[in-house]
Amino acid sequence: KILIKGYTGNIGKPQNNLILSNKRAKAVVDYLIEKGIEKVRLTYKGFGETQPMADNNSEEGRAKNRRTELEIVSN
């Protein structure tokens with residue numbers, strides 16, 4: 001089983017960033033299902049701007065924070 005996690009930069013309202021991060025993660029899940037991965041193996045969650053991996057004070061940092069990550073939660 002795989003958890004798809006979505007993230008955003010800090011531009012915009014936190015509520016909107018949470019929605020966007022959920023949509024970003026769901027888009028990856030939809031793509032994987034389209035490629036043949038069973039739906040029951042996939043879950044997703046958006047974290048908005050709450051877990052940056054780079055500094056949000058520059059465009060380069062915000063670009064790095066707009067991401068998705070895969071986490072294997074069980075096999």
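The values are calculated or read from the model by the stated rules, or taken from the named source; none is laboratory data. Computed from a predicted model, the values in this text were never measured in an experiment. Note that we place each Cβ from the backbone using ideal geometry, even for glycine, and neighbour counts take in every protein chain shown. These accessible areas exclude ligands, DNA and RNA; they are computed on the full protein's heavy atoms, side chains included. Shrake-Rupley method; radii C 1.70, N 1.55, O 1.52, S 1.80 Å.
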| field | Residue within the range 64-75 that is open to solvent by 80 Å² or more (accessible area, probe 1.4 Å), modelled with pLDDT under 95 and out of contact with any strand residue (DSSP E or B) (no Cβ under 6 Å at 6 or more places or on another chain) present | value | yes
| field | the range 53-75, residues that are more than 22 Å from Val29 (Cα to Cα), of a type outside the set (Gly, Ala, Ser) and not in a loop (DSSP other than H, G, I, E, B) | value | Glu59, Glu60, Arg62
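Given the residues Glu49, Glu60, Glu71, which is the only one that is under 14 Å from the mean Cα position of the chain (by Cα), farther than 20 Å from Gln15 by Cα and charged (D, E, K, R)?
Criteria check complete, one pass: Glu71.
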| message | Looking at Tyr44, Tyr31 in this structure, which one is aromatic (Phe, Trp, Tyr) and part of a helix (DSSP H, G or I)? | response | Tyr31
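Matching residues to (1) out of contact with any strand residue (DSSP E or B) (no Cβ under 9 Å at 6 or more places or on another chain); (2) over 21 Å from Val73 (Cα atoms):
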residue	(1), (2)
Tyr7	no, no
Leu18	no, yes
Lys23	no, no
Ile37	no, no
Tyr44	no, no
Phe47	no, no
Asp55	yes, yes
| message | Could you list, ordered by first residue, the pairs with Cβ atoms under 7 Å in which the first is in the range 1-26 and under 17 Å from Lys39 (Cβ atoms) and the second is modelled with pLDDT under 95, at least 6 apart or interchain? | response | Lys1/Ser74
| query | When both residues are 6+ apart or on different chains and their Cβ atoms are under 6 Å apart, which pairs have a first residue that lies in the range 57-69 and is without any contact (Cβ under 8 Å) to a residue 60 or more places away in the chain and over 18 Å from Lys5 (Cβ atoms), and a second that is open to solvent by 60 Å² or more (accessible area, probe 1.4 Å) and of a type outside the set (Phe, Trp, Tyr)? | reply | Gly61/Asp55
